[in-house]
Amino acid sequence: MCAKLNFAYSIKCPLKINEDIRSFCRQGQVQKALEVFQIANNQAIQIEPNSYASLLEVCTKNKALSEGKNIYTGLLSNGYKLDLFLGTKILRMYIVCNSLVDARELFDKMPKRNVLCCNAMLRGYNKNGLWKQTLELYYTILGEGTEPDCFTFPCVIKACTNLCDLVRGREIHTFIVSKGLENDNFVGSALIDMYAKCGRMEFSRQVFEKISSRDVVTWSAMIAGLVQNGYCNEALKCFLQMQSVGVVPDQIIVTSILKACTVLSDIKHGEEIHDYVIRGRYGNDIIVQNCLMDMYTKCGDMEAARHVFESMLERDVISWSSIIAGYSQNGYYEESLKLFRWMILEDVAPNFVTFASVLPSCARLEIVKQGKEIHGYIIRNEFEFTVFVASALIDMYAKCGNVDAARKVFDGISCRDVTLWNSMIASYAQNGHCSEAMELFYCIQREGKKPDSVTVVSILPVISHLSTLGQGKEIHAYVMRNAFECDVSVGNALIDMYAKCGSIRLGQLIFDRMLRKTLVSWNTMIAGHGMHGHAEDALALFYQMQKSGMKPDCVTFIALLSACSHAGLVDKGWQYFEIMNRNYNIIPRMEHYACMVDLLGRSGCLDEALDFIKKMPLKPDFNVWGSLLGACRVHCNTDIAEVAAENIFELRPDNAGYYVVLSNIYAAVGRRADVEKVRAMMRDRGLKKEPGCSWIEVDNRIHSFLVRDKSHPQSDNIYAKLDKLLQQMRAAGYVPDTSFVLHDA
C-alpha cells in the first residue's frame, strides 16, 4: 500500500497532497491520511496548517497518541511555530488521550493562550478527578489576565464541589455574579449542584430562583439536590412544577424522583412515574428500570418488582443484585437464593453487593451448608477480602450459630475497619459469648481503632446481659467524650443497659435529656420501669407518650402488660389488652397472650389463665404454656401444671428446664414418686439440666462460676470464703428452702 501511494504521489503537487490528507481525515480513513502524511514528509513536501489540524483532529477522535506525537514532531521539524490554533489542537489531543503531563508541559510552553485552551486544560483535570490542580490552574489563568467564560466556571465549581470547599465556592460564586453569568443555565446548574452536595440547599434554591429560563439540566440539578438532602416531598413538588412549564424530564430526573418515592415509601407516585416511563422513551433504559425495581422492593411490592425484572430486555449485575436483595429484605429468603442460582446459570458474575444481599437469606434460613457454598464461590472469585462481603459472611455464620467460622473470616482480613469489628462483636453478643465480645471491644481500642456509635449499640446489650454496671458507666463516659449522645440508637441502648443493670434512675435521666425520642425510646423506658416493679411510673409514661403525639405499637403493649404483671394489676392488664385492638388496630401477637397468662398466673388466677389459653385464636407456643407452668410452681397447682407440662413436652421435648420445673412442683407437695418419674423421663431422653452460672466483674475482667467449678485459679480461697460465709449465715439463723430440689435431701 505504502509503495503504491509513494509512486502515485511522486508525480503530484503539494496542493493535491494537502487536499487528499484533509479528504482522508474527513472520511475517517486515519491510516491512509497518516500514510500520505509520511510520504509528504519523506519527499519534503510542505504540509499546510489546515492539514496538520485535520490530522490532529482525527488522532484525537481515535485516541491515537503516538501518531499524534509524530505529527507534532513533524510540524516543528517543518519550521512551524506553536501558534494558538495548532497549539490548542495538540493540547486537546493530549487531554483526550489522558496524557495530562504532556498536555500541561505544552500548555506552559504556549506563547499565547486564550480562554479556549485554558478551558480545555481545566476540563482535562476535571475529567481525571484532579480537583486541586483544577483550582490552581484557575487562579493561575486569572493572574495572567485571561477572562473566564461560562465554560470555565462549571469546571472550577465542580472542583470545589468534590473538595467540599464551600468557602472557595462562595468566593467564585461572588465573582460569577460580578460577571453577570449567574443566570446562565450551565453555570447555575453547577452552582446548584455544589451547594446541594455541600448540604446548603438554601443557597441552591436562591441560585435556582434567579435563573429565568431554566432548561432540563437546571431542573435536574435542583431535583437531584433536594433528594440527596432528604427534601423528597419538595422534590416531588419541583417535578410537578417542571412538567407544568413543559420541560420533559431526562433520565437523571426520572431516577432522582424514583429515589424520592423510595425514601418516602410513596408507591402511588412511584407507579405514576412507572406509567410515564412506559409511555416515554425510558421504558428500556436499564438504569431507570433498576431504580424502578429498587423502589418497588423497598416499598414491599415484590410482585411489581419481579414484573419489572422479567420485562427487562437487558439485565446487568445491578439488576440481579437489586431483585435478590429485595426478596431477602422482604422475607422471601428461598426465592432470593433461587434467583442467585439463576444468576450464576446465566453467567452473570456477582459483585460484592450481590454476595452481601444473598448471604442474609442463608442467615435467616439458618442453612449454613448453602452459606458455605457461597463462601467457597466468594473465595474463588477473590471477594472475601472485601469488608462489605466479610461482614455479611460473619453475620451469616453467627446467625447460623457457627461463631468459630465467623471468627475465622474475621481473622482472615488483615486490614479491618470498624464495620468489621462491629460485625464480630455483634456475632459474639448474639450467641451469648459475652466475655469474648467485651475482650474484642477493648481490643479494638488497643489496636488504635475508634469504636463508633454502632460499636456502642452492639456492646451495650452485652453489658445488660452481664449486669456489669461499672463497665456500662465506662462506655457511657466514652459516649459522652465522643459526642454520641445525640445518636438516638445509642441513647436507647443506654436506657436499656441501665434498666437491666438495676439503675433505672440513670436510665430515666438519659431519657429526659434526649432531644429526640423515638417510639423505641418510649418503649424501652416503659419496659424498664415495668421490670423494676414501677408499674405506676410505666403507666404514667404511656399517657405522657400519647400526649406527645407518639402512637404506640405492639412492643408498647408488651411493655405495659409486663409492667402490670410484675405489679399484679390484673384489671389494668385486661384494660390494655382490650384497647390494643379496639383503639389502635393492633392485633395481639403470641407475646401479648404470654404476658396475659403470666399476669393471670402471678395473681393466682390459674383457672382463668388456662381458660384464656383455650380461647386463644392462635395455637399457644411453649412460651405461653411456660408462663402457666411457672405460675403453677409459685402456687403449687399440680393439676394445671400437668396440663401445661404435657403441652410443653410436645412442643419442646428436648428442653430440660421445663422437666425440672415440673419435678420441683411435685417435690414441693411431697409427690416423690412423680419426682422420680420425671427424672426417669429426663434420663430416658438423655436430658441434663444446664448448670447455673454466675459471674462478677473485677478490674474490667469477667469471672464466671459454675456449681462445683474449680477451674478458677483462686478457687481454694473462694471456697474457703464461702464456707466462712455459710457458717456466719447459719449462726444468724438462716435455714435453706429445700422445697424446690430435684432429690431428697
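The values are calculated or read from the model by the stated rules, or taken from the named source; none is laboratory data. Computed from a predicted structure; not experimentally measured. Glycine also receives a Cβ, built like all others from the backbone with ideal geometry; neighbour counts cover every protein chain displayed.
Of all residues in region 243-286, how many are surrounded by fewer than 14 Cβ atoms within 10 Å (Cβ to Cβ) and under 13 Å from residue 232 (Cα atoms)? Within region 243-286, residues that are surrounded by fewer than 14 Cβ atoms within 10 Å (Cβ to Cβ) and under 13 Å from residue 232 (Cα atoms) number 1. Counting only residues that are at pLDDT below 90 and under 18 Å from residue 474 (Cα atoms), which one in region 417-437 is surrounded by the fewest Cβ atoms within 10 Å (Cβ to Cβ)? Out of the qualifying residues, it is 435. In the set (1) touching a Ser or Thr at 6+ places or on another chain (Cβ under 9 Å); (2) surrounded by 18 or more Cβ atoms within 10 Å (Cβ to Cβ); (3) part of a helix (DSSP H, G or I), the condition left unmet by residue 484 is number (3). Scoring residue 257 on the criteria (1) at pLDDT 90 or above; (2) under 25 Å from residue 208 (Cβ atoms); (3) more than 24 Å from the chain's Cα centre (by Cα) leaves a single failure, condition (3). Could we say that residue 211 is over 15 Å from residue 153 (Cα atoms) and free of Cβ contacts under 8 Å to residues at least 40 places away in the same chain here? For residue 211, the condition - over 15 Å from residue 153 (Cα atoms) and free of Cβ contacts under 8 Å to residues at least 40 places away in the same chain - is met. Summed over region 445-455, residues that are modelled with pLDDT of 90 or more, surrounded by fewer than 23 Cβ atoms within 10 Å (Cβ to Cβ) and assigned to a helix (DSSP H, G or I) total 2. Within region 175-193, which residues are small (Gly, Ala, Ser) and farther than 22 Å from residue 228 by Cβ? Those that are small (Gly, Ala, Ser) and farther than 22 Å from residue 228 by Cβ: 178, 180. Once region 317-359 is narrowed to residues that are assigned to a loop (DSSP other than H, G, I, E, B) and not hydrophobic (A, V, I, L, M, F, W, C), the residue that is surrounded by the most Cβ atoms within 10 Å (Cβ to Cβ) is 350. Would you confirm whether or not region 33-47 contains a residue that is surrounded by fewer than 21 Cβ atoms within 10 Å (Cβ to Cβ), more than 16 Å from residue 121 (Cβ to Cβ) and modelled with pLDDT of 80 or more? No; the residues of region 33-47 include none that is surrounded by fewer than 21 Cβ atoms within 10 Å (Cβ to Cβ), more than 16 Å from residue 121 (Cβ to Cβ) and modelled with pLDDT of 80 or more. The residues on offer are 636, 564, and the sole one that is over 18 Å from residue 658 (Cβ atoms), touching a residue at least 12 places away in the same chain (Cβ under 8 Å) and more than 37 Å from the chain's Cα centre (by Cα) is 564. Search region 369-388 for residues that are farther than 23 Å from residue 422 by Cα and assigned by TED's automatic domain parsing to the domain that holds residue 403 and pair each with any residue that is among the small types (Gly, Ala, Ser) and assigned to a helix (DSSP H, G or I) when their beta-carbon atoms are under 9 Å apart and the residues are at least 6 apart or on different chains. Pairs that qualify, where the first residue is farther than 23 Å from residue 422 by Cα and assigned by TED's automatic domain parsing to the domain that holds residue 403 and the partner is among the small types (Gly, Ala, Ser) and assigned to a helix (DSSP H, G or I), are 370/361. From the list 314, 310, the lone residue that is in contact with a helix residue (DSSP H, G or I) (Cβ under 6 Å, 6 or more places away or on another chain) and surrounded by fewer than 17 Cβ atoms within 10 Å (Cβ to Cβ) is 314. Being among the small types (Gly, Ala, Ser) and modelled with pLDDT of 90 or more is a description that applies to residue 169. Residue-level check: of (1) among the hydroxyl-bearing types (Ser, Thr, Tyr); (2) under 27 Å from residue 463 (Cβ atoms); (3) at pLDDT below 70, residue 738 misses just (2).
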